[in-house]
Structure formats: C-alpha cells, structure tokens
Amino acid sequence: MRRHRTRRREAGFSLIESLVATVIAAAVLAAFFSAGSAAGALQYRAGRNAAAIAIAHDLARTVGTDIPAVPGSRSGVAADGSAWRIDIQPLPVVFIGGQPSAMKGLVSARIRVAGKGGEAELAIVRPEAR
C-alpha cells in the first residue's frame, strides 16, 4: 500500500495575497482622497461665486434708484475689486388683440460681475425711468 503524502498548508497569508490586499487598499484610499479634494475645490469655487452673486444683488437694488433705468450700459468696479457691467434694454411691446401688453414701459437689466475668480450674471425687470 502506498501512502500519498499530503502537503500541509502553513497558517497565514502568502506574500502574493498580502500584496493584492495592499494594492486594493491603496486604490480605495486614492479614490477617497481624490473625491475629497474635488469636493473641497468645488466648495472653494462656490464661495467665490457667492461673493459675486451678492455684488450682483446689491447692484440690482440700485437699478431704478441710484442707476437710472434707461437703456444703455454702465460699468464699474466694486469695493472688492470685482468688475461689473449693467446692460439695460427696453422690453419689446407685445400686442395682444390689438392692445399693447402690460410690458410697455419696462426695461430689462442684465448684470454681470466678474472678479476674484468668481462670476455671476443676473437679469431683472424694472419700470423704465421717465
């Protein structure tokens, strides 16, 4: 009778198994770090755009008071150094049933702010200055 020798496996992990586990762990960590970095960059950019939006809203409040609501363009620089431009155009009069619509005498103001890496654009409607 012949005896078959069976090879007894040693307890623990082999070198290849350890290397594969290390590579998988490194790939997962790299994915987490890149996602966190991208989220941080987006949050920083959103903060810069929020400042530009706040300036655009402040300018919108002045159209019709400090800035006359008459067709034309105006531009300037905000206190933080952001450049702004306001383009005011009359809204077209639409005739419904032969009568002018309620849009008569209104102007559209497009406000653009750019600076410090942030940008914003806002459109508003105001009564035309007479």
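All of the numbers you see were taken from the coordinates with simple rules; none came from a lab. Everything numeric here is computed off the predicted structure, so don't read it as measured data. Reconstructed Cβ throughout: ideal geometry from the backbone, glycine too, with neighbour counts over all protein chains shown.
If each residue of separation counts as 0.36 nm, what is the full-extension length gain between A39 and A83 once their alpha-carbon separation is subtracted?
Values: separation 44, 0.36 × 44 = 15.84 nm, distance 2.75 nm.
The A39-A83 span can extend by a further 13.1 nm.
Can you list residues from other chains, or at least 5 along the same chain, whose modelled amide H is less than 5 Å from the amide H of K116?
Those lying under 5 Å, H to H, from K116: there are none.
What residues have an amide H closer than 5 Å to that of E128, excluding those fewer than 5 places away on the same chain, when H is modeled at 1.01 Å from N in the peptide plane?
L106, V107
Whole Å is fine, so just give me how far the alpha carbon centre of region 8-53 lies from that of region 60-85.
Each part's Cα centre sits 46 Å from the other's.
When the Karplus curve 6.51 cos²θ - 1.76 cosθ + 1.60 is applied with θ = phi - 60°, which whole-Hz ³J(HN,Hα) does each residue of region 32-41 get, with x for Gly and Pro?
In residue order, the calculated couplings are 5, 5, 5, 5, x, 5, 5, 5, x, 5 Hz.
With only Lys, Arg, Asp and Glu charged, each at its Cβ (+1 for the first two, -1 for the last two), find how big the charge dipole of the chain is about the Cα centre; round to the nearest 20 debye. Kindly include the intermediate steps, with their values, before the conclusion.
Details: 17 positive and 9 negative charges, 237 e Å.
In total the dipole reaches around 1140 debye.
Counting alpha carbon pairs within less than 8 Å and at least 6 residues apart, what relative contact order, in whole percent, applies to the chain? All intermediate terms of the calculation are to be shown ahead of the outcome.
Details: 166 pairs, mean separation 30.6, N = 130.
Result for the chain is 24 percent.
Determine ³J(HN,Hα), in whole Hz, for all residues of region 74-81 in sequence, where each value follows from phi through the Karplus function 6.51 cos²θ - 1.76 cosθ + 1.60 and θ = phi - 60°; x replaces Gly and Pro.
In residue order, the calculated couplings are 9, 8, x, 10, 6, 4, 8, x Hz.
For the charge dipole of the chain, defined by +1 on Lys and Arg C-beta atoms and -1 on Asp and Glu C-beta atoms about the Cα centroid, which residue among A78, I16, G115 has the Cα displaced farthest towards the positive pole?
Highest projection toward the positive end goes to I16.
Just how many % of Cα pairs in region 15-127 lie over 23 Å apart, if you round to the nearest whole percent? Mind showing how you got there, number by number?
On the way: 3395 of 6328 pairs.
I get 54 percent for the Cα pairs in region 15-127 exceeding 23 Å.
If packing is taken as the average number of other Cβ atoms within 10 Å across a peptide's residues, how do 71-77, 22-28, 47-53 rank, most packed first?
Output ranking for 71-77, 22-28, 47-53: 47-53, 71-77, 22-28.
Can you compute 3J(HN,Hα) from phi for each residue in region 12-26, using the Karplus curve 6.51 cos²θ - 1.76 cosθ + 1.60 with θ = phi - 60°, rounded to whole Hz and x for Gly and Pro?
Using θ = phi - 60°, the values come out as x, 9, 7, 4, 5, 4, 5, 5, 5, 4, 5, 5, 5, 4, 5 Hz.
Which listed residue (P92, A27, A60) has the Cα farthest towards the positive end of the charge dipole for the chain, taking +1 on Lys and Arg C-beta and -1 on Asp and Glu C-beta about the Cα centre?
The Cα lying farthest towards the positive end belongs to A27.
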